[in-house]
Amino acid sequence: MDASKQLIGKIESRKARIGVIGLGYVGLPLAVEFARQGFRVVGIDVDSRKVSGVNAGRSHVEDVPTRELRPLVKDGLIKAQDHYRGTGKMDAIFICVPTPLRKTRDPDISYIVSSVEQIAKEVRAGQLIVLESTTYPGTTEEIIRPRLEAKGLRAGKDFFLAFSPERVDPGNKTYGTHNTPKVVGGTTTDCTEIAAALYRTAIETVHPVTSTQAAEMIKLLENTFRAVNIGLVNEVALMCEKLNLDVWEVIDGAATKPFGFMRFYPGPGIGGHCIPLDPHYLSWKLKTLNYSARFIELASEINGGMPEVVVRRASRLLNERRKSIKGSKILVLGVAYKRDTGDVRESPALDVMNLLQRRGARIQFHDPFNAQVKLEEGVCRRTALTEANLKKADLVIIVTDHSDYDFNWVVRHSPLVLDTRNATGKVKAGRRKIHKL
Ligand code: SAJ
């Protein structure tokens with residue numbers, strides 16, 4: 001029986017041994033979904049604390065409750081290790097490692113390369129390898145495939161190779177790994193079909209495409225779409241400032257159009273580990289093909305300039321009250337990159353605070369999820385959110401509109417508010433103290 005039929009058989013009987021490399025917000029939920037279907041899953045992570053936690057049945061990922069992980073570990077369906085020995089015994093291996101940007105904004109695929117080089121040591125006929133980490137089109141064929149073929153095996157004939165973009169939205173209570181449609185593209189049709197067959201055992205909807213490059217590009221279109229549209233709406237905010245119009249009223253009005261429009265909101269900039277980074281994977285690749293991805297660059301410039309816009313607005317508001325940023329006590333509300341998460345990666349709040357500090361402001365912050373943040377001038381500890389601390393501030397800037405906040409109460413006790421998220425849109429009293437982006 002040929003390799004593909006053998007592997008399909010193991011998938012149908014749930015006897016296929018699965019490996020997941022990277023037990024983060026993508027890898028651990030994926031491991032759980034396959035284990036739930038009865039597959040034996042081995043998780044591999046370089047962080048031995050994560051490994052020991054998983055083996056103790058404890059989850060370190062918000063979206064994977066320990067109560068769901070523990071029985072799967074107890075039943076021997078999930079175990080973790082901090083080394084790559086034994087990957088040759090696995091029938092399917094999913095690579096879910098980080099793909100950050102270097103300081104130069106160039107892609108850093110070193111985690112992909114190091115994990116593939118480990119797998120290549122034991123790669124054998126009959127294995128399926130799937131990359132899930134977000135990367136530029138061509139990574140699977142140009143970086144992964146040659147390393148796995150180095151010992152003479154051929155993708156599509158001996159082993160099977162595919163790309164399937166992760167679509168995990170941390171904290172999303174509606175969509176999780178099981179019910180978010182899964183795009184998958186293989187080196188050959190066989191590769192696509194085998195990977196799709198395995199995903200179908202654990203994920204409701206699987207959408208096969210014709211190549212790994214198409215699957216890689218689909219992910220980048222999704223997140224570039226967001227970055228560019230956020231850039232557009234941030235520029236509309238700058239236009240509305242010039243036109244003395246309320247950008248939030250304009251967006252709400254446009255959103256009454258039941259077709260052909262999609263809401264995006266201006267803000268203090270964009271953060272997180274996806275939207276600010278993923279489009280640069282695409283523009284970097286196109287640069288190597290002598291093409292300039294102008295929308296991506298322009299959106300990045302506008303989005304990246306929003307923290308400065310916030311600081312300029314703050315400066316003007318203080319000047320109108322015969323104060324300057326220098327020496328003013330400014331309280332920043334919310335430092336996470338978006339509401340109701342503690343994640344501060346790439347958060348524009350940090351840029352706003354650093355810019356203000358560089359101009360001599362006495363910065364304080366509050367965030368329900370972060371007790372301290374690391375700024376250029378050192379660690380800044382959270383200030384208690386009290387009436388007194390609001391009153392003592394010369395300016396309160398709402399940077400992240402966490403649901404925990406009572407914005408009526410914040411406005412009532414603040415002398416002056418700069419709201420970068422329209423968080424105070426429904427606040428009635430004290431309107432004259434509120435200034436919005
Ligand atoms: N942002 C705006 N205006 C908007 C939307 C977002 O300024 O209209 C800002 C946010 O405050 C944040 C940044 O952009 O700082 C990114 O926000 P996001 O809502 O895109 O959230 P992320 O980064 O968690 O994006 C993830 C992505 N999911 C995956 O990559 C699998 C993205 O594709 C999802 O669309 C997004 O979650 C989502 O919809 O929640």
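Any residue at all in segment 87-98 that is of a type in the set (Ser, Thr, Tyr), within 30 Å of residue 346 (Cβ to Cβ) and open to solvent by less than 40 Å² (accessible area, probe 1.4 Å)?
no
Within the group 202, 195, which residue is away from the ligand (no atom under 14 Å from the Cβ), within 30 Å of residue 4 (Cα to Cα) and either outside the structural domain of residue 14 (by TED's automatic domain parsing) or part of a loop (DSSP other than H, G, I, E, B) (or both)?
Answer to the selection: 202.
Return the pairs, sorted by first residue and then second, in which the second residue is among the aliphatic types (A, V, I, L, M), the first residue lies in segment 202-222 and is more than 19 Å from residue 94 (Cβ to Cβ), the beta carbons are less than 8 Å apart, and the residues are 6+ apart or on different chains.
Once the first residue is more than 19 Å from residue 94 (Cβ to Cβ) and sits in segment 202-222, its partners that are among the aliphatic types (A, V, I, L, M) give 217/282; 220/282.
Hey, could you check segment 286-307 for residues that are open to solvent by less than 30 Å² (accessible area, probe 1.4 Å) and either more than 14 Å from residue 236 (Cα to Cα) or in contact with a His (Cβ under 9 Å, 6 or more places away or on another chain) (or both) and say which is farthest from the ligand (Cβ to nearest atom)?
Going through the qualifying residues, I end up with 293.
Restricting to segment 1-24, give me the number of residues that are within 20 Å of residue 84 (Cα to Cα) and assigned to a loop (DSSP other than H, G, I, E, B).
4
Every residue, every condition in (1) acidic (Asp, Glu); (2) more than 16 Å from the ligand (Cβ to nearest atom), yes or no:
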| position | (1), (2) |
| --- | --- |
| 94 | no, no |
| 127 | no, yes |
| 133 | no, no |
| 144 | no, yes |
| 161 | no, yes |
| 169 | yes, no |
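Scan segment 126-145 and give yes if some residue there is more than 28 Å from residue 221 (Cβ to Cβ) and assigned by TED's automatic domain parsing to the domain that holds residue 192, otherwise no.
Yes: segment 126-145 contains one or more residues that are more than 28 Å from residue 221 (Cβ to Cβ) and assigned by TED's automatic domain parsing to the domain that holds residue 192.
Take segment 250-263 and flag every residue that is of a type in the set (A, V, I, L, M) and open to solvent by 90 Å² or more (accessible area, probe 1.4 Å).
262
What do you reckon, is residue 247 aliphatic (A, V, I, L, M), within 16 Å of the ligand (Cβ to nearest atom) and either crowded, with 21+ Cβ neighbours inside 10 Å or not assigned by TED's automatic domain parsing to the domain that holds residue 425 (or both)?
Here the answer is yes, as residue 247 does meet what is asked.
Being in a loop (DSSP other than H, G, I, E, B), buried (at least 16 other Cβ atoms within 10 Å of the Cβ) and at pLDDT 95 or above is the filter here; which residues of segment 158-175 pass it?
158, 164, 165, 166, 167
Six or more apart or on different chains, Cβ under 7 Å: which pairs go from a residue in segment 361-378 that's in the same structural domain as residue 338 (by TED's automatic domain parsing) and open to solvent by 100 Å² or more (accessible area, probe 1.4 Å) to one that's modelled with pLDDT under 95 and of a type in the set (Phe, Trp, Tyr)? Could you list them?
Partner pairs satisfying both residue conditions: none exist.
What is the one condition in (1) more than 15 Å from the ligand (Cβ to nearest atom); (2) within 29 Å of residue 278 (Cβ to Cβ); (3) over 22 Å from the mean Cα position of the chain (by Cα) that residue 330 does not satisfy?
(2)
Can you name every residue in segment 113-122 that is open to solvent by 10 Å² or more (accessible area, probe 1.4 Å) and either within 16 Å of the ligand (Cβ to nearest atom) or in contact (Cβ under 8 Å) with a residue 24 or more places away in the chain (or both)?
113, 117, 118, 120, 121, 122, listed by residue number.
Mind counting the residues in segment 46-67 that are surrounded by fewer than 15 Cβ atoms within 10 Å (Cβ to Cβ) and of a type outside the set (S, T, N, Q)?
The total comes to 7.
The values are calculated or read from the model by the stated rules, or taken from the named source; none is laboratory data. A quick note: this is a predicted structure, and the numbers were derived from the prediction, not measured. A quick note on method: Cβ atoms are made from the backbone with ideal geometry, for glycine too, and the neighbour counts reach across all protein chains shown. SASA here: full protein model, heavy atoms, side chains in, ligands and nucleic acids out. Shrake-Rupley method; radii C 1.70, N 1.55, O 1.52, S 1.80 Å.
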